Amino acid sequence: DAGITQSPRHKVTETGTPVTLRCHQTENHRYMYWYRQDPGHGLRLIHYSYGVKDTDKGEVSDGYSVSRSKTEDFLLTLESATSSQTSVYFCAISEGLAPSGELFFGEGSRLTVL
Amino acid sequence: SQQGEEDPQALSIQEGENATMNCSYKTSINNLQWYRQNSGRGLVHLILIRSNEREKHSGRLRVTLDTSKKSSSLLITASRAADTASYFCATDLVSGGYNKLIFGAGTRLAVHP
């Protein structure tokens, strides 16, 4: 298994509170991604990173911010959580940019916003 | 709307039977990937097929790609209960200068002993 750890794995929070999800990798891969998975939507890309301090938006980035201060860590922050952000969040990594090769996924972080 | 869409949404078969899942997409691609997701787990990469390839095999998996029909199929032969999972196709899509990987909504496969 690829060395990807997501934390926390489960979190329940209230609307309006900030939430940070962490993704840690031990593979030294350049590219890191945050996806959310919702029933009927498959996985949708939130943000991705192509290097330390280099990040860009995905298709559903509103309400989310990311940071990558070290190769191994990619943080996803919900500044003010809303119920529509209740979802399962997956971190993924790849050696090359995603469409050219395979992604390795973490086990997911289930977030419930009440 | 999604770049890739799987069909059927759900499939239920007996052990030993073959399972076929289809993926259709809308725009030209460079490659197409298939992933498996066991319940409550992350996705696991199965196979990547490039646009200039028509068929690819990996163990009991056979993937075909028909670029003229913009479709791909994943065949699992001699299925086992352990194959019970959701299967997703993912295609690349150039949008906003970034070549993105877009996932479909998946096919839920149930293999009964």
So B:Asn30, is it open to solvent by 70 Å² or more (accessible area, probe 1.4 Å), within 14 Å of chain A (Cβ to nearest Cβ) and under 23 Å from A:Phe105 (Cβ atoms): yes
If we only count strands (runs of 3 or more DSSP E) wholly inside the range B:1-112, which ones have 3 or more residues that are under 11 Å from the mean Cα position of the chain (by Cα) and within 25 Å of A:Ala92 (Cβ to Cβ)? B:4-7, B:19-25, B:31-37, B:43-50, B:61-66, B:71-76, B:85-95
Can A:Asp56 be described as away from chain B (no Cβ under 14 Å), of a type outside the set (Phe, Trp, Tyr), free of Cβ contacts under 8 Å to residues at least 60 places away in the same chain and surrounded by fewer than 18 Cβ atoms within 10 Å (Cβ to Cβ)? no
Within the range A:66-114, can you find the residues that are under 16 Å from A:Ile46 (Cβ atoms), open to solvent by 30 Å² or more (accessible area, probe 1.4 Å) and among the charged types (D, E, K, R)? A:Glu79, A:Arg110
Of all residues in the range A:31-48, how many are modelled with pLDDT under 90, more than 8 Å from every other protein chain (Cβ to nearest Cβ) and open to solvent by less than 60 Å² (accessible area, probe 1.4 Å)? 0
Among (1) more than 19 Å from B:Lys100 (Cα to Cα); (2) modelled with pLDDT under 95, the one test that A:Gly96 misses: (1)
If I ask for residues that are of a type outside the set (Ser, Thr, Tyr) and in contact with a His (Cβ under 7 Å, 6 or more places away or on another chain), which ones from the range A:77-103 would you list? A:Ile93, A:Glu95, A:Glu102, A:Leu103
Enumeration of residues in the range A:10-30 that are in contact with a Lys or Arg (Cβ under 7 Å, 6 or more places away or on another chain) and either free of Cβ contacts under 8 Å to residues at least 60 places away in the same chain or open to solvent by 80 Å² or more (accessible area, probe 1.4 Å) (or both): A:His10
Name the residue, out of B:Ser51, B:Ser68, that is polar (S, T, N, Q), open to solvent by 20 Å² or more (accessible area, probe 1.4 Å) and more than 28 Å from A:Arg36 (Cα to Cα). B:Ser68
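The values are calculated or read from the model by the stated rules, or taken from the named source; none is laboratory data. If you're wondering where the values come from, they're calculated on a predicted model, not measured in any experiment. Positions of Cβ are generated from backbone atoms using ideal geometry, with glycine treated the same way; all protein chains shown enter the neighbour counts. Areas reflect the complete protein model, heavy atoms only, side chains present, ligands, DNA and RNA absent. Shrake-Rupley method; radii C 1.70, N 1.55, O 1.52, S 1.80 Å.
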